[in-house]
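The values are calculated or read from the model by the stated rules, or taken from the named source; none is laboratory data. Note that the coordinates shown come from a computational prediction; the quantities given were computed from them, not determined experimentally. In this analysis, Cβ positions are derived from the backbone assuming ideal geometry, glycine residues included, and neighbour counts consider all displayed protein chains. Side chains included, ligands, DNA and RNA excluded: accessible areas come from the protein's heavy atoms. Shrake-Rupley method; radii C 1.70, N 1.55, O 1.52, S 1.80 Å.
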Amino acid sequence: MTILAMDTSNQLLGVAIVKDGVTLGEHVMHGHRDHSVRLLPAIEQLMKETKTAPEDLDRIVVGQGPGSYTGVRISMATAKTMAWALNIDVIGVSSLEALAYQGQLFSGYVCPFFDARRGQVYTALYASSPVKFEQVEGAVNPLFTEWLEQLRDKEEKVLFLSPDIETYRDIITETLGDQAVIPENSMHYARPSVLAQIGAVRQADNLHQIVPDYVRLTEAESNWLKQQERQK
């Protein structure tokens, strides 16, 4: 099985081609402001380098969010369009889950998160052990201070993974002390090859129903709901 994986949901633009579990090639680039102009050229270049033709692809795996609203839409629209044109499967994978997989070898809780501004984050919680890796808390959008208090109450080691780790490092260590584990910087970025690994064993999504997972309402949706309430 040959998989094209892509993710533009956050700071990194990531593209990978994985065949039968072997990563043939992987491009990872910073600069989320220009994902829209860099994604397709990155895919084209990687396919050339790995000598992969469009007809060689069996499925496309895409980072489904949460993250930047625009960023999530870029890769989602690209993945769906390519899957439709090639008549192949498309699979959405949580961007938080892909990041959490960086902590598979850790024993304890794994907490991936992305900055959501105004003191909030997008986050989830996973439990990792030598025998299994599983989600114990689904994606949420809490105030980070409140989330840290919940984690502190668990009284177990927590591995934090985030491209925004430096923004929150001090408050993490102040709140959890030795309970918090923060690895080296290279661990804080989800690789697109991990997306492919996760998506390889998932059932295909419905091409016409798969949508970004924003976790919270977009500003336009929130404003519309407020307007409806006022009209009542």
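For this structure, a couple of remarks:
- Count - residues of the stretch 173-200 that are part of a helix (DSSP H, G or I) and either out of contact with any Leu (no Cβ under 7 Å at 6 or more places or on another chain) or among the aliphatic types (A, V, I, L, M) (or both): 17
- Identity of the residue in the stretch 124-142, open to solvent by 40 Å² or more (accessible area, probe 1.4 Å) and in a strand (DSSP E or B), that ends up farthest from Gln102 (Cα to Cα): Val140
- For the condition aliphatic (A, V, I, L, M), open to solvent by 40 Å² or more (accessible area, probe 1.4 Å) and under 18 Å from the mean Cα position of the chain (by Cα), Val37 does not qualify.
- Test set (1) of a type outside the set (Asp, Glu); (2) in contact with a helix residue (DSSP H, G or I) (Cβ under 6 Å, 6 or more places away or on another chain); (3) open to solvent by 40 Å² or more (accessible area, probe 1.4 Å) - Val121 fails condition number: (3)
- Of all residues in the stretch 143-156, those that are exposed (fewer than 14 other Cβ atoms within 10 Å of the Cβ), in contact with a strand residue (DSSP E or B) (Cβ under 7 Å, 6 or more places away or on another chain) and not in a loop (DSSP other than H, G, I, E, B) total 1.
- Every listed requirement among (1) open to solvent by 30 Å² or more (accessible area, probe 1.4 Å); (2) touching a helix residue (DSSP H, G or I) at 6+ places or on another chain (Cβ under 6 Å) is met by Asp89 save one, (2).
- Within the stretch 24-82, tally of residues that are more than 26 Å from Ala116 (Cβ to Cβ), touching a Leu at 6+ places or on another chain (Cβ under 9 Å) and basic (Lys, Arg): 2
- Leu159 vs. criteria touching a residue at least 40 places away in the same chain (Cβ under 8 Å), surrounded by 16 or more Cβ atoms within 10 Å (Cβ to Cβ), in a strand (DSSP E or B) and not aromatic (Phe, Trp, Tyr): yes
- A single entry from Thr70, Thr81 fulfils the requirement of being closer than 27 Å to Arg216 by Cβ, under 15 Å from the mean Cα position of the chain (by Cα), open to solvent by 60 Å² or more (accessible area, probe 1.4 Å) and among the β-branched types (Val, Ile, Thr): Thr70.
- Cβ separations smaller than 8 Å between residues 6+ apart or across chains give the following pairs from the stretch 164-175 residues that are open to solvent by 40 Å² or more (accessible area, probe 1.4 Å) to residues that are of a type outside the set (Lys, Arg) and modelled with pLDDT of 95 or more: Thr167/Asp115; Arg169/Ile182; Ile171/Phe144; Ile171/Thr145; Ile171/Leu148; Thr173/Ala180; Thr173/Ile182.
- When residues of the stretch 92-110 are limited to those that are over 10 Å from the mean Cα position of the chain (by Cα) and in a loop (DSSP other than H, G, I, E, B), the one surrounded by the most Cβ atoms within 10 Å (Cβ to Cβ): Phe106
- Residues that are of a type in the set (Val, Ile, Thr) and either within 14 Å of the chain's Cα centre (by Cα) or surrounded by fewer than 17 Cβ atoms within 10 Å (Cβ to Cβ) (or both) within the stretch 180-199 comprise Val194, Ile198, listed in sequence order.
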